[in-house]
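Read through the structure below, which is laid out as structure tokens, and then see the notes.
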Amino acid sequence: MTIRIVIAGPRGRMGREAVALVQQTDHFELAAVIDRRYDGQNLAEIDGFSGVNAPIYTDAARCFAEVKPDVLIDLTTPEAGKRHTELALRYGVRPVVGTTGFTPEDIERLTKLAEEKEIGAIIAPNFAVGAVLMMKFARMAAKYFTDVEIIELHHDQKLDAPSGTALKTAQLIAEVRPSKKQGHPNEKETLAGARGAEYDGIPIHSVRLPGFVAHQEVIFGGNGQTLTIRHDSFDRRSFMSGVKLAVETVMHLHTLVYGLEHILE
Ligand SMILES: NC(=O)C1=CN([C@@H]2O[C@H](COP(=O)(O)OP(=O)(O)OC[C@H]3O[C@@H](n4cnc5c(N)ncnc54)[C@H](O)[C@@H]3O)[C@@H](O)[C@H]2O)C=CC1
Ligand SMILES: O=C(O)C1=N[C@H](C(=O)O)C[C@H](O)C1
């Protein structure tokens, strides 16, 4: 069966890879795209998309109503991603969301909506299989090491900090680690932010530099030892097998799944 897909954010770094994935996959069809510009034009008319036939919509609601796709792949910004996901669910379109910057409250609200509509949805802060394994391994290690810090490193065009992956990693660790305040009890920052952000007592440090794509280290410390779990995405193609799996899987779901670890065999 052919899965009819709408991509939001087709001209972005991830969107371009997703367009290529859909084009290369026999049972995927690019039904339309949602962009901030070029309403009414065809993607084929835009630089870099020669031969990619897909109508462009700037209005997501009109796109879903007219095109009636099976799946939305959203790779935009936190604000647009939240709006598109909610609209998709309301129009019976299954969202596969890579966009980060969703809060736990957003996830809860969208999960309720997906269940109300009895429709599948996947929100995956990271589609790279290696990154999903890094998060799983970190959750395993947290049973044995209660002191941990996360360092995530990304390109300097990233809008959200900390990364969705870092937040998800901290959430997975917090599921098995008793809450604790790390470091010296009298520790004091002489320069604000020196100890990073905190999720449930876990410090998260965000590095933004040109040259990076997407990287993360989870460092555990114990008596006389440390354990470092690191993942690097050097190329955005690293995310595409996860996007493909999510699109195929969301067709069979009736609720919202947050994190690729729940669907990776
Ligand atoms: N889950 C994952 O594995 C990954 C997730 N991401 C996330 O994906 C998102 C996109 O990342 P990049 O492609 O690097 O960003 P980007 O800035 O290159 O692309 C974002 C695109 O969204 C478009 N856009 C913004 N508002 C829009 C709207 N209202 N309607 C339609 N299009 C709109 C922009 O024009 C731009 O083309 C970010 O949230 C990022 O954190 C990035 C890499 C991997
Ligand atoms: O913006 C990015 O580039 C990435 N965003 C995701 C995140 O916030 O975790 C996934 C990956 O790290 C790349």
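The values are calculated or read from the model by the stated rules, or taken from the named source; none is laboratory data. These figures come from a predicted structure and were not determined experimentally. For neighbour counting, all protein chains shown are included, and Cβ atoms are generated from backbone atoms with ideal geometry for every residue, glycine included. The accessibility values were calculated without ligands, DNA or RNA, using every heavy atom of the protein model including side chains. Shrake-Rupley method; radii C 1.70, N 1.55, O 1.52, S 1.80 Å.
Name the single residue, out of those in segment 147-166 being under 20 Å from Arg177 (Cα atoms) and among the small types (Gly, Ala, Ser), that is nearest to ligand 1 (Cβ to nearest atom). Checked segment 147-166; the qualifying residue nearest to ligand 1 (Cβ to nearest atom) is Gly164.
Would you tally the residues in segment 191-229 being farther than 11 Å from Val148 by Cα, within 18 Å of the chain's Cα centre (by Cα) and charged (D, E, K, R)? Residues that pass the stated criteria total 1.
Checked against the criterion of being open to solvent by 20 Å² or more (accessible area, probe 1.4 Å), at pLDDT 95 or above, under 26 Å from Glu118 (Cβ atoms) and not assigned by the TED database to the domain that holds Tyr199, segment 23-40 has at least one qualifying residue. Considering segment 1-90, the qualifying helices (runs of 4 or more DSSP H), each wholly inside and each with 1 or more residues that are within 16 Å of ligand 2 (Cβ to nearest atom) and of a type outside the set (D, E, K, R), run over 13-24, 78-90.
Just for segment 106-156: of the residues that are free of Cβ contacts under 8 Å to residues at least 60 places away in the same chain and within 29 Å of Leu209 (Cα to Cα), which one is surrounded by the most Cβ atoms within 10 Å (Cβ to Cβ)? Only one residue fits best here, namely Arg139. Could you list, in sequence order, all residues of segment 191-238 that are open to solvent by less than 20 Å² (accessible area, probe 1.4 Å) and within 12 Å of ligand 2 (Cβ to nearest atom)? The answer is Ile204, Ala214, His215, Gln216, Ser233. Scanning segment 108-133 for residues that are β-branched (Val, Ile, Thr), within 16 Å of Val250 (Cα to Cα) and within 15 Å of ligand 2 (Cβ to nearest atom) yields Ile122, Ile123.
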